[in-house]
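Enquirer: Can you read through this structure? Questions will come right after.
Read-outs throughout are calculated quantities, based only on the coordinates presented, and are distinct from any laboratory measurement. What you see is a predicted model, and the numbers here were worked out from it, not measured in a lab.
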């Protein structure tokens, strides 16, 4: 994916934070950054084999969060109300 596509898909993330996260993921060997010599430079990110090993774990976590979203939101409302 290209940088701007990632930024569009990840709501609320700043350009600076996304750039830092991508650099860390590249350093960890999870993603590959490919720059193409265009004007301006085109940069694409893809999963490396190590990164693909996380797909199942992340999918499970996403499923858990979606299943428990109403409980999480209720807990957040209770917490926020107690701090007001």
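Enquirer: Could you work out how far helix 55-67 tilts from the main Cα principal axis of the chain, as a 0 to 90 degree angle to the nearest 10?
Expert: For helix 55-67, the angle is close to 30 degrees.
Enquirer: Let me ask something additional. Checking the a/c ratio against 1.5 first, then a/b against b/c, what shape does the Cα gyration tensor give for segment 1-48?
Expert: It comes out oblate by the Cα gyration axes.
Enquirer: Roughly how tilted is helix 69-83, in degrees to the nearest 10 and between 0 and 90, from the longest Cα axis of the chain?
Expert: Relative to the chain, helix 69-83 is tipped by roughly 70 degrees.
Enquirer: Specify which labelled value, from [x] 12.4, 40; [y] 17.3, 54; [z] 12.8, 43, agrees with Rg and Dmax of the Cα atoms in Å derived from the coordinates of the model shown.
Expert: [y]
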